[in-house]
Structures are given as C-alpha cells and as structure tokens.
Protein chains: 2
Amino acid sequence: MDNMEFLFWIVPAASVCGLLFALNRGLNVLKAPEGSERMVAISGSIRKGANAYLGRQYKTVGIFFAAMFVILGIMSFLGFLTPFVPFAFLSGGFFSGLSGFIGMKIATAANARTAYASSQNLNRGLRVAFAGGSVMGFTVVGLGMLDLSIWYILLKFVFYTADNAAVLQLVQEGLTVSDAQIQLMSQAMLTFGMGASSMALFARVGGGIFTKAADVGADLVGKVEAGIPEDDPRNPAVIADNVGDNVGDVAGMGADLYESYVGSVIATIALAVSAGYGIAGALVPMIIAAAGILISIVGTVFVRCKENASDKELLGALRKGTWISSALIAAAAFAAVKFLLADNKSVEAGMGVCGAILSGLVAGVAIGFFTEYYTSDVYKPTKKLAGSSKTGSATIIISGISLGMASTAIPVIIVGISVLISFLCAGGSFGADFAANFSKGLYGIGLSAVGMLSTLGITLATDAYGPIADNAGGIAEMSGLPPEVRERTDKLDGLGNTTAATGKGFAIGSAALTALALIVAYIDEIALKLKEAPELLHKILGDGSAAQTVEEIRAALMEQFTLTNPPVLVGLFIGAMLPFLFSSMTMNAVGRAAQSVVVEVRRQFKEIKGLLTGEPGAEADYAACVDICTKGAQKEMIAPAVVGVVSPLVVGLILGVNGVVGMLAGATATGFVLAVMMSNAGGAWDNAKKHIEAGNFGGKHSEEHKASVVGDTVGDPFKDTSGPSINILIKLLSMVSIVFAGLVLSVNLVGGC
Amino acid sequence: MDNMEFLFWIVPAASVCGLLFALNRGLNVLKAPEGSERMVAISGSIRKGANAYLGRQYKTVGIFFAAMFVILGIMSFLGFLTPFVPFAFLSGGFFSGLSGFIGMKIATAANARTAYASSQNLNRGLRVAFAGGSVMGFTVVGLGMLDLSIWYILLKFVFYTADNAAVLQLVQEGLTVSDAQIQLMSQAMLTFGMGASSMALFARVGGGIFTKAADVGADLVGKVEAGIPEDDPRNPAVIADNVGDNVGDVAGMGADLYESYVGSVIATIALAVSAGYGIAGALVPMIIAAAGILISIVGTVFVRCKENASDKELLGALRKGTWISSALIAAAAFAAVKFLLADNKSVEAGMGVCGAILSGLVAGVAIGFFTEYYTSDVYKPTKKLAGSSKTGSATIIISGISLGMASTAIPVIIVGISVLISFLCAGGSFGADFAANFSKGLYGIGLSAVGMLSTLGITLATDAYGPIADNAGGIAEMSGLPPEVRERTDKLDGLGNTTAATGKGFAIGSAALTALALIVAYIDEIALKLKEAPELLHKILGDGSAAQTVEEIRAALMEQFTLTNPPVLVGLFIGAMLPFLFSSMTMNAVGRAAQSVVVEVRRQFKEIKGLLTGEPGAEADYAACVDICTKGAQKEMIAPAVVGVVSPLVVGLILGVNGVVGMLAGATATGFVLAVMMSNAGGAWDNAKKHIEAGNFGGKHSEEHKASVVGDTVGDPFKDTSGPSINILIKLLSMVSIVFAGLVLSVNLVGGC
C-alpha cells in the first residue's frame, strides 16, 4: 500500500481548507457592524482584559516551555530521546496556544456584533455567533492537522529518508522502509502531543481559574448579597466575568480539544505499525481527520434558523449541521478504509476497522445525548434538582453531587461497549488468545477516538458559539439594549449551554479512548526501548526470558501488567488518587482566587459612593477585578501542572514500568468517572438555576433561587475548571510517561519492571 | 506443624473472654444511676425509637436474607456451591446483626447514665461512656471470632474429617490432610463473610440514611431557619436525631467493622494454603486476632482521666489504651509467628510474615493520624476551611470538597507502602519472577489487614463511645441539667469526633487491604473450580494451555488479568464507576428522607401553636419524625444493596472472569479514594462548624456560622452514610464474586475468561 502514500497530501490540503474557511468566517464576523458606542466600549474592555490575560499566561507558560526544552534537550543529548523531541514539544505547545489565541481574538470581536445582530433578528444573531464559533472550530482542526503534516513531511521526507542510518537498521531487522519510518517518527509525534497537552493544561487550568473566580465573585456578592441582576454594570466583576468566558470557555476549551484531536490521531498512528497495518494504517486516522474537516465545512452550511425560532428549532438548526456531518463522515470512513486497507489484509479486516471508527462516532453522539439528558432542564433530573432547592442550599448541593455521580454510569457503559466493539471489529479477540491479536484491536480503540473527534470542526463551532452568545447577552444588558434583544441572546445562550454539554461529552469520551490508546503506545515504546538495550531487557524480563522481537517483548511485558502484581496495584491506587488531588488543587485555586474577588467587589460596593444605587458618575473599577483574576490564575496554575508532569516520573522512578502502567490505567478510569461527575453536576446546577429564574419554584429573588445560586456557584469550578482539566491530565500523564520512558527504564528504585 | 493445631483453641477461648468482658462492662453501665425522671423519659424515647427502627430493619433485611438463602440453596442443590454455603451466609448475617443490636442496646442505656455521671465529674462521665463503647467493641470482636470458631469446628472436626471423601480426593492429588481441609473450608467461610457484608451494608446504609435524614432535617429547620440551638427540645426532629446516632453510628458502625474484622481474617485463611504455609498459616491470622482481643481488654484498663482534664489529656487517656495495645500486639505477633511458622519454612520467612502484620498495624495508626490532621480543628486544614465561611456557603462547600480530595493522597501512599512492604516481607518478589512467589506475598497483604484490625476491640470502644457522649449531651440539654454538665459532655463528644475519625481511617484502610486479599481469594477460587472442570479450563485458558495444577492455572489466569486486555479494562472502568453510582444512591436517599423531615418539622413549627416560643404545654410530636426517618431508611436501603449484590453477577455473566477482576480492582482503588474523600470532607466540615461555634470567625449566629452549617449538612451524608458504606461495598463485591464464581464460569456471554 506504499504507493498510496500520495493520499497523505489530502491531509495538509484539508488543513489549509479548514484554515481558509476559518479566515473566511472570521472576515465575515468582522464585516458585521459592532453597534453603539457604548457597545464598542464594553467589548473593547473585554478584549483588553482578555488580551492582557493571555499575554501574561503565555509569558508564564513560556518559562515552563523553556525549562522543558532545556530538560528535553539534555535528555536528547544523553541519548534518551531523538533530537527532534525538544522541537516537537515546542511546536505542539505553540500551535495549541495559537488556536486558543485566534479563537479568543475572534470571540471577543464577535460578542458585540452578535448583540447588535440580535437586535435585528434571531437568525442574524445566530449566524454571527456561529461564525465566531466556527473560527475557533476550524482553527483548531486546521492547525492541528497542519502541525501534524509539517512533522510528517519533515520527518518522513527530510530526516528519516530511506537511506537514513536508523531506518536502514530497522529495515535490516525485518521492517519495511515505511514501517521503519513510522516507528521512528512516532516518538517525535508523541512529543508534539505532549507539548499540546502541556499547553492545554495551562490554558484550561489558568483560564478555568480566571473565569470561575470572576464568575463566583460576581455572583456571590452581586446576585446573592446585593441582589442586583447578572451582568449588571454596577457589578465591578462583570467585565472580568465576560473576559473569563473568553479566556476559559473559548481559549481554554480550544487548547483542550486541539490536544484531544491531535492526541487521538498520533496515538493511533503510533499503534499502526505494531497492528501490522503499516503506513496504510497510519494514514487512516489522518485521512479520516482530514475528511472530517472538509465534511464539517459542508455541515456548517445547514446551521441557520427562521426568525422567532423556538428553542427546539434553534437546537435543531445546530444539530442538523452536526448530524449531516456525522452521516457523511461514516460514508467517508467506509471509502477511506476500503481504499487503504482492503487489500492490505482482507476486506473483512478493512470493514472491521471501519466499524471501530463508527463505534466511536456513535459513542460520542450517545454520550452527548446523555450529558444533555442529565444537565438540561427539559429532562427530569435537572427539574428534580431545581425542586430540591425548596429545602435550601444544602439539599441542592447534596442532590447535585448525587446527580453527577449517577450520571457517570451510562457514559462508562457506552465507552465500555465502544472499547469492546472497536477492539473486536479491528481484529482483536478476547479470551485465551487475546494476546495474539491485541495490537490490531487496540489500534481499533485508537480509531474509535479518531472517529469520535472526526467532526470536531463543527461540534467545536457549536460549542464555542455558546460563550460568544453569553458575552453578547452581557453586552446587551450593560449597554441598555431593549429587553427583547436580551431575550434573543438568552435564547442563543441557553442553547449554548446544551451544545457545550454535548461538546464536553465528546471531550471526555475521546479523552478516555485516547488515553487508553496512549497507554498501549507507552507499552510499545517500552518494548522498542528494551529491544535496543539487551541488558535492560534481561533486568526487566528476567534472565530466563526468550523474548527477542518487539512482539515477544510486548507479550512478556503484558504478563507483568496483571492486576495481581503489587507495583501495578499500587500504581492503580495512585492513579485513582491523582484526579482527586489534581481537582482539589484546581478547585482550591478557584476558591482562593474567588475569595479575593469577593473581597474586592465588597470593597468597591462599600467605598465607591453611589455605585450600588446606580447614581450617575459612580463607576465600578472593572480593571481591578480583571487584574486580581489574572494574578490569581497565573499563580495558581503552576502547581497542578507540575503534578501532571512530575507524577509519571516519580511513580516510574520508584515503581518502574509496572507502576506507571497501573497509574495510567487508574488515572484514566477514575479520571473519566470524576470528570463526568463534575461536569454534569456543574451543568445541572447551572440549568437548575436557570429553570428557577424562568419562573419555576418561586422564580427570581425567592429563597429557592438563592439556594440554586449556591449550587451554581459550587458547580462553576466543577464544570469549567476541574472537570474538563481532568481530560487533559489523563492524556498528559500518558504523554509524559512515553517521553520519559527511556529515563524510567534506566533508573528505578524498587526493582523489577 | 499440624501438631500445633491445639493452638486453635485459643481463638474460641479469647472470643468467650471478649464476650464476658463485654458483659461485665455492660453490667457496669447498667449499675450506674440514670438520673432524673426527665432524663429517664428522654432516654426512654430514644430507646423506643431505636428499637422500633432496628425491629423494622431486621424485618426488611430478613426478607433479603430469606431470598438469598433460597437462591444459594438452589445453587448448592445444582452443585455450584457446597451445602454449607446457605447456612454460613445466614450465620454471618445473624452475628453481624446481633453485634449491632447489642451495641445499640447498651448505647441507648448508657446515654442518660453518661449525662448523669458527667454531672458528678468528667472522669465518671468518661468511664460510663467508654464502658458503653467497650460493650460494642468487645461484642464485635467476640462474636466475630465466635462465629469463625463455630464454623471452623463444625467444618474441620465434624464434616471435613480426615476420612471425608472430598478431603481424601484432595489428599490423593497431593495435598496434606489439613491443607485439604482448609481449602474445603474456605468457601463456606467466605460465604459467612458475604452474609456479614450484606448485613453490614443494610445496617450502614439504612442506619446512615436514618441518622443523617434526622440530623439534616433537625439542623436545617431548627438551627438555620428557626435559629434555635442544637438539641433544643422544641425541635421535633431532636429525638429522631438522637435515635439516629444509635442506629447509624453505633449499630451501623458495629456491623461494618464486624465485617471488616471477620473479612480480613477469612480472606487471609483462604490464602494460607496457596501461600504454602498450610494450617499454620491459617492459624496465624486467627491467633493474632485472638491475641488482639485479650490485649485490648488489658488496654481498656488504661482509659481513665483526672477531673477537669484538658482536651489533650482526655485524648491522651484514650490514646494510651490504644497505643499500649498496639505495642503488645506487635510482641504477640512476633511470638505467634515464631512459634507457628518458624520451622515450617525458615526463620526469615516467619519474621517476614511478622513484618507484614506490623506494616498493617503501623499503616492503620498512620492513616488514623492523617485523618485527624485533615479533620480536626487543631490543625491548619480545618481552620482554613472554617475561614472560607467568610465568603459564604458556596466557598465553604468548594473548599471542603477540595480538602477531602487533597486528603486522599497520603492514605493512598500509606496503603501503597504497606502493600509493597507486606508483600515483600511475606516472601513475594517484584519484577520478572513475581509470579513465582506471589501467593506468599499476597498472604502477607491479608495479614497486614489483620494486623491493622487486631486491636479493634479497643479502637472500636473508643470510637463507639463518641455517639454515647453525643447522646448524653443531648439529654443534658433537653432535661435542663446545669451548663457545666453540657460543657463536660461536649468535651467528651468533641473527643469522640477525633476518635471516630481515627476509627474511620482504620475501617477504610483495612477495607482496601482486605478487598485486595479477597480479589486474590477470588482468583484462587476460580483456579480451583477450573481444575475440577477440564472442559471449562480449556475454554478459558485455550486448548494450547498446558496448565494442570492449581498453581499453573493461577499463573495462566494472571496473564489474562493484564491491563491491556479489554474486558479487564472495561471492568476497571465499571468498577471505578460503581462507588460513584452507589454513593449517588445513598446520598439521594438521605436527601429525599431529609426533605420529608424538613417538611414535617416546618409543619409542626407552623401548626403547633406556641412550640417555637416554648410555651408550656406545646409539645413537639417526636414520634412523627422518628417514623418518617424509619420509613425513609427502609425504603431507600434496598436499591444500593441490590447494586452491590447484582453488579458482580452482571459483569461476570457479560464480561467473564477478566471483567470481574478488573471491576474488583477498579472498585477497590476508586472506592478507597472516594471513601477517604467523603469521610474527611464531612469530618472537616463538622469540625469547622464546631470551630466557629467555639467563637472563631464570628461565632454562633453569624453569617459565617450559617455557611458552616450548610457545609456540615452536606458533609453529614458524606461522612456517615456514603463514605463508610463504600468500605462495605468494595468487600461485598469481592465476596459475591467468590460465591457466584461457579455460576459465572459456566455462563458468560462475551466469551473468553
């Protein structure tokens, strides 16, 4: 199938198309009028705050990346890593940060424009906001595939050419040229994934801390204590709150999904050779992703609504785009696989691989649906949650946590079914002979993650559109637009909550599948390393082991990764604990930052005469709150990031490879469950509050409403800081393990593997 | 070492000593005067409520046990189980329930007597409350070892005598007579563990729902809404609250620890034969437990204090007893192991086993200390938590959850170290040859759990003493005793919170270790079953497998339990989800039951004229609240119990043995972390509230206090219902898996193992 390699060029081509489409959408947004002077001014403050924040964040992150570059450079120099690794790491971080930055830029430009367009009619508002979201969506997929393409071209056509010494050596050992190339490329590729993960962690955690500190601070003092409405210009934290939507929900989420997207593709590429599918197998995930970009562009055409559309029709408009894309991608997968893999092994195997992709696609949609079921006030769970406010804030908290915990069952089962199906479809088998074909099966698990994320361009567009509509509502409120405008933006925003929930379902589901694929990529990396170092091989597999080929070494390793092996078990416990520790740090960070915002808002209400009563001339000091949030987020995002990077190293050095595998499995399983729980509890609290505000259970200003605000406030860091950050954590742990595999193998204290 | 078997008789002897000591302490309590007529009356209502509750609970549980008896009977009849199993199941449930019942009886007798004794002086109060707690402690350990002894005697000396056919067959296969006996006995023993687990689940969950529904209801309406103090007789839920302390914190906790205690011993017995230690190895855990009973009796002598003792001196008095017992048990373990195992293998192995016991003992104390560190307001975390009330209830909730999550790190590391040390000490090895000696090592993990729980008699006494002191405080308040009496009982009660935290640390730590030992016992059971059924063996290990002996089968099985095997992974995800689902159900149950209490209390305040203002003649209808709690608990405890029993069956039937092992490991790791998080968050909220009530951060009636009450209310189901129930869940899952192993092997849908 090596002659099919020209198909690779579809990938950079699709990525350029995606970027051009993003550019087109962006220009479209900028063409729209921004509205009154007041609207321009407010939007300007938000933009200024967001820029200031991101500027500082990139500075802090820059120091981290510089340090990692030096560490990776030294490790390359010592021979633990190939020389490309430090640069791959930087590029992953750069592109991930860039997609967040562009998304944020356009979102802050689209907010006032959406408000103005909504003052004309609902469809225009939807179109502007969705165009803004599309820039984010297509920048992420476009830059993701561009970075991948650049490395692919560099490594394959410049460095690891057919006459490269490393390639020749592997060819001598029996690999084909292209298999050897893929194997050599995968380390650098995975490191670029690690760069993207690190960046995503900072963006998600830092942005999440910023946005929730501002939100919690604004709500607690403004809404609850002072009793003024949301987005009231008297509230000193209101601009910070709007800035937060952009740096957290847009830039943070962009970096997050960039990383999932790229991570799932490179993990699958890394598994292709050991699965026996060679270069064709490596091309499948890339081509599916490329097809997904083109198809998503088509899907966006269908997102439009008529004037005065009902909530249901609005949702239908967004859904239509996604569903059409999903159907098209299924067809594309079928074609791509048939073409690439059909005569490589057998038609059945090819179609099986296709089944793996579909299982991921279906699982993503199903998880999205159940996320919505548990978090939308159209359904029973959130309605009941709103009802528990009747007995006060404590009962709504208990019920919300309980709802979140219950909502973990179905996604776990969906992911479980998807894992089993994609494993079997791709050629794996259960039972006694599972070891024989497990590489094929695990390649299938990777593909199911790729399938789930293939429509990311449009799902992310529908997701990122939410914060833009949210901001637009704030601007409409603050600039005194007529109430029907606010009603329209509220409609758009409410819809955004639902699509955000669906988007989160995708993000979490794909993170679990990608993490599983990365665990296997880690084991592959260890097997490759052991093959190169016979003395380590004997130390780890025992002198009696006859394992020589990579396959034999991998099989021997897997026998050690059994759950009855104490280092594996201890690793599992540590892994199960890490998402908790990590969430504790991120929540605490929000709590601390929010407390300083609360203190500042209270101070301004007290010290600025006439502010609360709304006397003319009494203006809140918005910049002070933005500044507090920025500083808080900067300071607080370091420690959680360090946990993510250092844990695999410490566990590896003490418990060895067995401990690392246990830790990765534990962190993935528990992290998945905890992330679902936190995201869904937070989403449900948010919508329960909105349900009450819509006039149920006493409506606004009732005791029930106060209780629901407490629920929403607790839920904010759950759903926008800690929960989504766990997705990144579990992948970062795997990526770091892979990159530092050589180091861990050479030095470990407890002995054994 | 068969000639050492007379040593077994130490076990029933020690159990009788324990029971006699409990009787002596009980009579001692009953001798003490009960105080004024009003005190007798209040204590009478509490007793009546508690009796009524337990009566109904046993009826509901009776139905479950009858159903299970029939199911197990049919399975025995069909040959899946030995005929003893149904009876063993009943006996485990009976003795577990009995210890809870006796403990509750004496606790409800000791409450007024403690209040009266405290009106004389602090030391007398301490002595009466501690005597009451001792009855619970020694009933649990006494009945636990009695039940074990009865089954041991019945099975070994009556049924599986040396000329029994089953024994003879195993002897023909190469086992010694006593090894064959132990192997045959272990199934019935483990079933009696399952009976105790089931009972414990009902008692913990039902009692937990009762106590927290009452507590939350009383606090929310009484303290927060109406602003009346805790334990005020005007509050209609006040008696239900006191009843709850007895049915939840005493009877529920008694059944819980009965089950941990017995579970750790029988799991270790089940591992003794495969570890190669034979009958001597089976005797070690029993004799350590027996020695623990006797030593704990000695330890109780040291629990006394001088009048006007400071908090520190009081804690010192309780600690002294525990520490002396721990030191003595270490010496006893040394002696017992030297005597029993020294010439069985080698002196080194014997001493290694001793190290395993000690590692558990030390781990228990260490976890207890860190539990206290995170939950006592003497230390920084809880003080900081109290401070976060300044910004309202939302921030104290966020900080509390965050504290609980952070507090999971150290216990995980302690358990991890203990697992590694006890595994190595007992003769296991890491790395390539870990499979060779892993049975010995895992036997060591079981012993470390036994070591941790060996001093249960006295640790449980110091733990159960807390609710008695709590009740005494309530009675002092309601019967209008002078304020200095309430101060003294508050001192005793505050101490009880600390010892309860320590007790919970032991319960959680030992649950994790016991569950790990039970997972291995499960694998042993599967290996034994496969040996008996060659056609299953071929189906599961593949036709190519040459495994014939139990050891070989076990080794072959372990290779399948690798983390890269998809059914194992999917099981792991499901296992990680189960504690969340289970906690959701238990918390929801508390929420629902509490809401009905809130409604009832509000109704009484509204409808009973003069109740709130305290006019004479206006009496609250206490019985109505007790009744609501009872009904709520009965209804709500069924579903979570069903999850515990049904999950291993469903997972086993669909995913096979691989899935079950994954599920057990996932549930143990995640369950441990979640239980620690919930218990510690709840404990810290409770003490943060007490810290504020002591005059910090604005003291009582401040906004800070109101916020802290919300925290405490959320924490109640965390620490007293869901958290501790998870300990039982993770062991019940293993026990059910073992008992239904034969069924799962014969029928499973996905195929493979």
Shielding by partners, peptide B:384-394 (average Cβ within 10 angstrom, other chains):
6
Between segment B:506-564 and segment A:4-53, how far is it from one alpha carbon centroid to the other, in angstrom?
57
Taking the Cα centre of chain B as origin, work out the dipole magnitude from +1 charges on Lys and Arg Cβ and -1 charges on Asp and Glu Cβ, in debye rounded to 20.
960
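At a 10 Å Cβ-Cβ cut-off, how would you order A:M678, B:M185, fewest neighbours first?
The fewest-first ordering by Cβ neighbours comes to B:M185, A:M678.
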In the protein assembly as shown, if the dipole is taken from +1 on Lys/Arg beta carbons and -1 on Asp/Glu beta carbons about the Cα centre, which of B:L420, B:L513, B:M577 is farthest to the positive end?
B:M577
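Determine, for B:K312, B:K731, B:K48, A:K440, the number of other Cβ atoms within 10 Å of each Cβ, and report the residues in order from fewest to most.
Ascending number of Cβ neighbours within 10 Å: B:K312, B:K48, A:K440, B:K731.
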Spin-label pair B:V40/B:I150, simplified geometry with 7 Å Cα→Cβ offset, distance in nm:
3.6
Where labels lie 7 Å past Cα in the beta-carbon direction, separation of A:I71 and B:E173 in nm
5.2
Number of partner chain Cβ atoms within 10 Å, mean per residue of A:402-411
6
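Over all residues in B:582-590, what is the mean tally of Cβ atoms on other chains that come within 10 Å of each residue's Cβ?
5
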Give or take rounding to whole Å, what are the principal axis extents of the alpha carbon atoms in segment B:69-173, in descending order?
69, 29, 17
What's the Cα-based Rg to Rh of segment B:604-753, Rh via Kirkwood?
1.19
Value in Å of the Kirkwood radius, where chain A supplies the Cα pairs that are averaged
25.8
Rg/Rh of segment B:1-49 (Cα atoms, Kirkwood Rh), to two decimals, equals 1.39
Taking 0.36 nm per residue of separation between A:E703 and A:I608 and subtracting their Cα-Cα distance, the length gained on full extension comes to 31.3 nm
How many nanometers, to one decimal and shortest first, lie between the label point of B:G699 and those of its other copies, if labels sit 7 Å from Cα toward Cβ?
4.2
Go ahead and estimate [θ] at 222 nm for chain A from helices alone: -39,500 (n - 2.57) per DSSP H run with n ≥ 4, summed, over the residue count, rounded to 500.
-27500 deg cm²/dmol
For chain B, return all DSSP H helices satisfying: extent of Cα atoms along own axis at least 18 Å; mean Kyte-Doolittle hydropathy at least 1.6.
B:278-300, B:393-406, B:409-425, B:723-739
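Charges at C-beta only: +1 for Lys and Arg, -1 for Asp and Glu. How large is the resulting dipole of segment B:136-233 about its Cα centre, in Debye rounded to 20?
Once rounded to the nearest 20, the dipole reads 300 debye.
Give me the Kirkwood hydrodynamic radius of segment B:181-267 in Å, from all C-alpha pairs, to one decimal place?
Working: mean 1/r = 0.0684 Å⁻¹.
Computed over segment B:181-267, the radius equals 14.6 Å.
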Label spacing, shortest first and in nm, from A:A166 to its equivalents in the remaining copies (7 angstrom along Cα→Cβ):
6.1
Mind scanning B:K504/B:K719; B:K59/B:K631; A:K440/A:K539; A:K383/B:K631; A:K306/A:K383 and naming the pairs with a C-alpha gap bigger than 19 Å?
A:K440/A:K539; A:K383/B:K631; A:K306/A:K383
Quick one: putting +1 on the C-beta of Lys and Arg, -1 on the C-beta of Asp and Glu, what dipole do you get for segment B:1-114 around its Cα centre, in Debye to the nearest 20?
660
Report the one residue of B:V660, B:G617, B:V646 whose Cα lies farthest in the direction of the positive end of the charge dipole of segment B:610-753 (charges on C-beta: Lys and Arg +1, Asp and Glu -1; origin at the Cα centre).
B:V660
For segment B:430-484, count all C-alpha to C-alpha pairs, find those more than 18 Å apart, and express that count as a whole percent of the total.
63
Quick check: the distance between the Cα centres of segment A:404-422 and segment A:222-272, to the nearest angstrom?
26
The base-10 log of I(q)/I(0) that the Debye equation returns for segment B:517-627 at q = 0.13, 0.22 Å⁻¹, one scatterer per C-alpha, is -0.68, -1.14
Tell me, what is the FRET efficiency for A:L78 and B:E552 to the nearest 0.05, using R0 = 51 angstrom and their Cβ-Cβ distance as r?
0.70
Neighbouring Cβ atoms within 10 Å as the yardstick, rank B:C354, B:C305, B:C629, B:C17 fewest first.
B:C17, B:C305, B:C354, B:C629
Once you have the alpha carbon radius of gyration of the protein assembly as shown, what is it after dividing by 2.2 N^0.38 Å, with N set to its residue count?
0.90
Looking at the P(r) of segment B:176-333, how many percent of alpha-carbon pairs lie beyond 29 Å?
46
From the cross-link list A:K223/B:K689; A:K491/B:K212; A:K380/A:K706, which pairs have alpha carbons spaced over 30 Å apart?
A:K491/B:K212
For B:K31 paired with A:A436, estimate the spin-label separation in nm (one decimal), with each label point 7 Å from Cα along the Cα-to-Cβ line.
7.6
For the protein assembly as shown, with +1 on Lys and Arg beta carbons and -1 on Asp and Glu, the positive-most of A:A289, B:A546, B:L201 along the dipole:
B:L201
Average projection area in nm² (convex hull over Cα atoms of segment A:258-344, one quarter of hull surface):
6.6
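Sort A:403-411, A:454-462 by packing, meaning the average of other beta carbons within 10 Å per residue, with the highest value first.
A:454-462, A:403-411
Each value in this text was obtained by applying a stated rule to the coordinates, not by laboratory testing. Please read these numbers as outputs of a predicted model, since none were measured by experiment. Here the Cβ is made from the backbone with ideal geometry for all residues, glycine too, and neighbour counts use every protein chain on show.
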